[in-house]
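The values are calculated or read from the model by the stated rules, or taken from the named source; none is laboratory data. The shown structure was predicted, so the numbers you read here are calculated from the model rather than taken from an experiment. When we count neighbours, we look across all protein chains shown, and the Cβ atoms used for this are built from the backbone with ideal geometry, even at glycine. We work out accessible area using only protein heavy atoms, side chains counted, and drop any ligands, DNA or RNA first. Shrake-Rupley method; radii C 1.70, N 1.55, O 1.52, S 1.80 Å.
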Amino acid sequence: MFLKLNDKSYVKYKPNSYIFSSFKEKYRNPVEINESAARILSLCDGTNTKEDIISILSNEYNDSPDVIKEYVTAFLEPFLENKLVDVTNEPSK
């Protein structure tokens, strides 16, 4: 299953900060996020599965896939529950 930010959400890179912005109930909600959160969300581009994201981050951060899996799973849970990240059967083009 491939993960993709919904069409009304995005990650914006600013000097020295990262912003996650979503649109819900007529309002845009920008939130400052850390670099790790921005990296996870940037990988939710419709071409990666959760397993792909775990593998990529495990290599980038030189950490155990099990540790990364726990972090990524816990981090993505509210995004999936609130439909800020969509799950598709086919990768985006």
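Using only the alpha carbon atoms of the stretch 24-84, find the Kirkwood hydrodynamic radius as the inverse mean reciprocal pair distance, in angstroms to one decimal. Walk me through the intermediate numbers first.
On the way: mean 1/r = 0.0801 Å⁻¹.
Its Kirkwood hydrodynamic radius stands at 12.5 Å.
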Principal axis lengths of the stretch 1-44 from Cα atoms, whole Å, largest first? 29, 29, 10
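Within the chain, list the GluC sites (Glu not before Pro) lying in a DSSP loop whose Cβ has at most 15 other Cβ atoms in a 10 Å radius. Could you put the intermediate results ahead of the total?
Values: sites: Glu25, Glu32, Glu35, Glu51, Glu60, Glu70, Glu81; in loops: Glu25.
Passing both the DSSP loop test and the Cβ count: Glu25.
Counting only protein heavy atoms and a 1.4 Å probe, tell me what percentage of the chain's accessible area is made up of carbon and sulfur.
Solvent-exposed carbon and sulfur of the chain make up 51 percent of the total.
Can you give the local net charge around Glu77? Use residues other than it whose beta-carbon is closer than 12 angstrom to its beta-carbon, Lys and Arg +1, Asp and Glu -1. Don't skip to the end; give the middle numbers.
On the way: positive: Lys50; negative: Glu70, Glu81.
Net charge in that neighbourhood comes out at -1.
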Counting only residues 5 or more places away or on other chains, whose amide H sits under 5 Å from the amide H of Asn6 once H atoms are built in the peptide plane? Val85, Asp86
